[in-house]
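Each remark here refers to the structure printed beneath this line.
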């Protein structure tokens with residue numbers, strides 16, 4: 001039993017580059033944990049060295065999570081189990097949520113120790129709308145699956161955030177431009193480090209910029225939401241009304257099309273009567 005902290009699972013955010021971003025609370029939890037579940041013990045060992053602590057670590061990642069998770073959950077009943085990723089907030093684009101789910105199901109204490117997150121940090125750098133955003137993680141590497149994933153979010157009225165590697169960056173930016181239109185975007189890298197940068201421009205301009213010079217480091221792509229849609233034309237309204245009238249009475253057809261196209265219901269009702277007659 002740890003004298004400093006109650007037993008349970010502690011989700012600990014760690015720096016994404018600058019060790020100065022480790023919070024005092026995160027340092028205290030890591031220094032007093034009975035075991036730390038880590039992606040790579042070599043990375044976490046450097047962080048522990050920075051705070052002058054030596055703790056037991058156990059690997060916990062995509063390849064061993066199913067086998068390791070039951071043992072970690074069992075230990076939470078009487079020990080402090082800390083969960084970290086190599087950088088940033090655990091559970092963001094990694095399998096940690098299953099550990100949280102099982103810890104809760106077993107009745108154990110679950111505590112979050114918030115801190116750095118590359119996705120949110122990049123969003124603040126890009127100068128794009130922040131009131132609504134959607135995190136996509138990594139897009140699929142294969143072209144067909146990637147295009148499908150992009151098409152699924154093309155109409156979402158929110159800023160998009162995704163992670164990418166340097167060698168794939170230009171291809172991904174070009175695919176985004178093709179699937180979303182040439183929106184404003186930003187490419188953030190080396191966040192919190194000495195050479196931090198966020199390059200902004202249209203998706204096509206950014207794709208051209210990085211085509212022959214893929215950058216190094218951890219990369220976050222931020223894409224602006226779509227512009228306001230063009231107002232529906234009379235032709236659009238007539239087409240939608242004719243289709244709706246094959247299924248619905250006039251009043252309901254006008255209501256459905258009004259909601260779908262954002263047009264005046266009374267005007268659509270009058271037009272539907274004309275088409276019906």
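The values are calculated or read from the model by the stated rules, or taken from the named source; none is laboratory data. What you are looking at is a predicted structure, and each value in this text was computed from that prediction instead of being measured. Note that we place each Cβ from the backbone using ideal geometry, even for glycine, and neighbour counts take in every protein chain shown.
Here are some notes:
- Residues being touching a residue at least 40 places away in the same chain (Cβ under 8 Å) and either buried (at least 17 other Cβ atoms within 10 Å of the Cβ) or outside the structural domain of residue 110 (by TED's automatic domain parsing) (or both) - total across segment 22-47: 12
- For segment 138-149, the tally of residues that are within 12 Å of residue 221 (Cα to Cα) and in a loop (DSSP other than H, G, I, E, B) stands at 1.
- Restricting segment 100-109 to residues that are surrounded by fewer than 17 Cβ atoms within 10 Å (Cβ to Cβ) and in contact with a strand residue (DSSP E or B) (Cβ under 8 Å, 6 or more places away or on another chain), the residue that is farthest from residue 135 (Cα to Cα): 109
- Selection count where residues are loosely packed, with under 15 Cβ neighbours inside 10 Å, closer than 30 Å to residue 219 by Cβ and either free of Cβ contacts under 8 Å to residues at least 24 places away in the same chain or assigned by TED's automatic domain parsing to the domain that holds residue 218 (or both), scope segment 55-99: 5
- Per this entry, residue 241 is not counted among residues that are in a loop (DSSP other than H, G, I, E, B) and either within 30 Å of residue 20 (Cβ to Cβ) or in contact with a helix residue (DSSP H, G or I) (Cβ under 9 Å, 6 or more places away or on another chain) (or both).
- From the list 107, 52, the one residue that fits, being part of a loop (DSSP other than H, G, I, E, B), without any contact (Cβ under 8 Å) to a residue 40 or more places away in the chain and within 21 Å of residue 6 (Cβ to Cβ), is 107.
- Taking the criterion of being within 30 Å of residue 118 (Cα to Cα) and at pLDDT 90 or above, the residues of segment 213-249 that qualify are 213, 214, 215, 219, 220, 221, 222, 223, 224, 225, 226.
- Residue within segment 79-92 that is more than 21 Å from residue 115 (Cα to Cα) and out of contact with any strand residue (DSSP E or B) (no Cβ under 9 Å at 6 or more places or on another chain) present: no
- Output for segment 244-264, where each listed residue is surrounded by fewer than 14 Cβ atoms within 10 Å (Cβ to Cβ), under 24 Å from residue 228 (Cβ atoms) and touching a helix residue (DSSP H, G or I) at 6+ places or on another chain (Cβ under 8 Å): 260, 264
- Test: residue 72 is more than 30 Å from residue 196 (Cα to Cα), part of a helix (DSSP H, G or I) and within 27 Å of the chain's Cα centre (by Cα): yes
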